[in-house]
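Pasting in a structure now, in structure tokens, and then I'll have a few things to ask.
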Amino acid sequence: MEENRLLSWGVFRSLLAILQWWGFNVTVIIMNKWIFQKLDFKFPLSVSCVHFICSAVGAYIAIKLLKVKPLIEVEPEDLWRRIFPMSFVFCINIVLGNVSLRYIPVSFMQTIKSFTPATTVILQWLVWGRHFDWRIWASLVPIVGGILLTSITELSFNVLGFCAALFGCLATSTKTILAESLLHGYKFDSINTVYYMAPFATMILAVPALLLEGAGVVAWFYTHQSVGSALVIIFTSGVLAFCLNFSIFYVIHSTTAVTFNVAGNLKVAVAVMVSWLIFRNPIPAMNAFGCAITLSGCTFYGYVRHKLSQQPATPRTPRTPRGRLELLPLVHEKQDKA
């Protein structure tokens, strides 16, 4: 009886974690699109800067005041040698996501973001010479094919938005791969990751945001009709962006790796549906079919990666990878979510 009760609580906790992760993620994406499209605040660098400021303040409150997680101490020299490079890539990743949201629909942007497993595998293969099981390569075929079909049939296709989303995938992969070497010895959780990276990201982004968008933001202040309510929405999106990081920390500790991967793909479908209900951007049948193919490929990729992770590590030989990390991409690892 007690065992059934604990099992029911575990299932309920996992479901609650997934739902609140979906809620924060979809809400942040929709709010950012609303800011760019409805509020006419077309300044992705400034929006990203607001998000980083809110995340830095939120992480400080969570660790220093609320004691949600203990602070992971970092050596002073490692702040610049390890954390700063990660923060730079982290900053690029967020900015490219917001730039893509300005120019392309949420549905198209989310489908392109599903390309991240492919960019991770290709980047590790080309740059680090890592080897992967043939099933990993096979899982990339529907991902790439679905992206191509979606791009060809997208009615609101924009080259800048498409490139921003695509390079955002590359930045996400780079950040995940760098985490293995740069943060070696530091077992960061999401809150500590944001605590250290958000201030650096704010510092990196503040100057270009001021130089490139400062005049436009000032002009927006004088021309927009409801500045007060618009600023509330913009800063609320920043608070929710921090909550999203916290929700990721909760969900990865409440579900298995396979559940997390499947839930991530279903989250894309939820984001696409919600964005269509709100913005009514046209989605042709072939476009939706391409998105479905991509998500199916991502699910298969997650399944293959999980099955390979259950196999014993291959002994080191000159012709084989040095360990399990070389067989598997680091995307969606439970230990590293920023």
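Kindly indicate the residue of the range 153-177 that is of a type in the set (A, V, I, L, M) and either in contact (Cβ under 8 Å) with a residue 40 or more places away in the chain or crowded, with 18+ Cβ neighbours inside 10 Å (or both) and also farthest from Lys33 (Cα to Cα) among those meeting that condition. Working first, answer last.
Applying the first criterion (of a type in the set (A, V, I, L, M)) to the range 153-177 yields 155, 159-160, 164-166, 170-171, 177.
Those left that are additionally either in contact (Cβ under 8 Å) with a residue 40 or more places away in the chain or crowded, with 18+ Cβ neighbours inside 10 Å (or both): 155, 160, 164-166, 170-171, 177.
Numbers: Leu155: 17, Leu160: 16, Ala164: 15, Ala165: 14, Leu166: 18, Leu170: 22, Ala171: 21, Ile177: 29 Å.
Going through the qualifying residues, I end up with Ile177.
From Phe221, Phe132, grab the single residue that is over 23 Å from the mean Cα position of the chain (by Cα), modelled with pLDDT under 90 and of a type in the set (Phe, Trp, Tyr).
Details: Phe221 fails: modelled with pLDDT under 90.
Being over 23 Å from the mean Cα position of the chain (by Cα), modelled with pLDDT under 90 and of a type in the set (Phe, Trp, Tyr) holds for just one of Phe221, Phe132, which is Phe132.
Also, I was wondering about something else. Give the residue, chosen from Ile152, Ile143, Ile147, Ile204, that is under 30 Å from Pro282 (Cβ atoms), modelled with pLDDT under 95, touching a Cys at 6+ places or on another chain (Cβ under 8 Å) and in a helix (DSSP H, G or I). Show your work before the answer.
Values: Ile152 fails: touching a Cys at 6+ places or on another chain (Cβ under 8 Å); Ile147 fails: touching a Cys at 6+ places or on another chain (Cβ under 8 Å); Ile204 fails: under 30 Å from Pro282 (Cβ atoms).
Residue meeting the stated conditions: Ile143.
Specify which of the listed residues (Val74, Val95, Val68, Val99) is assigned to a loop (DSSP other than H, G, I, E, B), under 24 Å from Ser173 (Cα atoms), modelled with pLDDT of 85 or more and not polar (S, T, N, Q).
Working: Val95 fails: assigned to a loop (DSSP other than H, G, I, E, B); Val68 fails: under 24 Å from Ser173 (Cα atoms); Val99 fails: assigned to a loop (DSSP other than H, G, I, E, B).
Answer to the check: Val74.
Of everything in the range 123-137, what is in contact with a helix residue (DSSP H, G or I) (Cβ under 8 Å, 6 or more places away or on another chain) and either crowded, with 16+ Cβ neighbours inside 10 Å or small (Gly, Ala, Ser) (or both)? Give them in sequence order.
Restricting attention to the range 123-137, the residues satisfying the condition of being in contact with a helix residue (DSSP H, G or I) (Cβ under 8 Å, 6 or more places away or on another chain) are 123-124, 128, 130-133, 135-137.
Residues satisfying the conditions are Leu123, Gln124, Arg130, Phe132, Asp133, Ile136.
Now a separate question. Is it true that some residue in the range 70-79 is in contact with a helix residue (DSSP H, G or I) (Cβ under 6 Å, 6 or more places away or on another chain) and of a type in the set (A, V, I, L, M)?
Quick first cut of the range 70-79, residues in contact with a helix residue (DSSP H, G or I) (Cβ under 6 Å, 6 or more places away or on another chain) only: 71-72.
Checking which are of a type in the set (A, V, I, L, M) leaves us with 71-72.
Taking every residue of the range 70-79 in turn, at least one turns out to be in contact with a helix residue (DSSP H, G or I) (Cβ under 6 Å, 6 or more places away or on another chain) and of a type in the set (A, V, I, L, M).
Right, another one. Give the residues of the range 42-71 that are more than 14 Å from Phe200 (Cα to Cα) and of a type in the set (Phe, Trp, Tyr), sorted by residue number.
Going residue by residue through the range 42-71, those that are more than 14 Å from Phe200 (Cα to Cα) are 42-47, 58, 61-71.
The one that is more than 14 Å from Phe200 (Cα to Cα) and of a type in the set (Phe, Trp, Tyr): Phe43.
Just to be sure before I move on: is Trp80 assigned to a helix (DSSP H, G or I) and either crowded, with 21+ Cβ neighbours inside 10 Å or without any contact (Cβ under 8 Å) to a residue 24 or more places away in the chain (or both) in the structure I sent?
Working: assigned to a helix (DSSP H, G or I): yes; either crowded, with 21+ Cβ neighbours inside 10 Å or without any contact (Cβ under 8 Å) to a residue 24 or more places away in the chain (or both): yes.
Yes, satisfied.
The values are calculated or read from the model by the stated rules, or taken from the named source; none is laboratory data. Since the structure is predicted, the reported quantities are computational estimates derived from the model, not experimental observations. Positions of Cβ are backbone-derived with ideal geometry, glycine not excepted, and every protein chain shown enters the neighbour counts.
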